[in-house]
């Protein structure tokens, strides 16, 4: 798998996992009542929660592939794009009660600008990654 594709997959899967967990937790009863209502975890929302955890696992695998070939500083900066995706996705998530403001949008713009600045830096020619996953 191409390292850039793996990085984008990791960002996407992490974002989907966060949004799916939030949606599932809005639908499920309070966490403290789960021991008394184990059947709730077998509902559609419980299965969605399990799917979100699976997305996290797949995201980790994609991250490892990307990290083996992309310098940590650049890859980790790009991973912060998931904050942008999750925030914007949560605005349309039913029941999530998310909001945005000019201050929030400024923060999102600064994240995107920071990723662009870090991503545009040229690595030294002698830079060599030892792992060849």
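Derivation of every value follows stated rules applied to the coordinates shown; laboratory data play no part. Since the model is a prediction, treat every value here as computed from it, not as a measurement.
From Cα pairs below 8 angstrom and at least 6 apart in sequence, can you work out the relative contact order of the chain, rounded to a whole percent?
Working: 130 pairs, mean separation 45.1, N = 133.
RCO, the chain: 34 percent.
Taking every alpha-carbon pair in segment 6-48 and binning the separations at 10 Å intervals from zero gives 28, 42, 21, 9, 0 percent. The alpha carbon centroids of segment 73-120 and segment 4-28 are separated by 14 Å.
Maximal additional length on extending the residue 88-residue 118 stretch stands at 8.6 nm, based on 0.36 nm per residue less the C-alpha distance. Subtracting the Cα-Cα distance of residue 34 and residue 58 from their residue separation scaled by 0.36 nm leaves 6.0 nm.
Working note: Cα atoms of the chain, range along each principal axis, descending, whole Å: 59, 39, 21.
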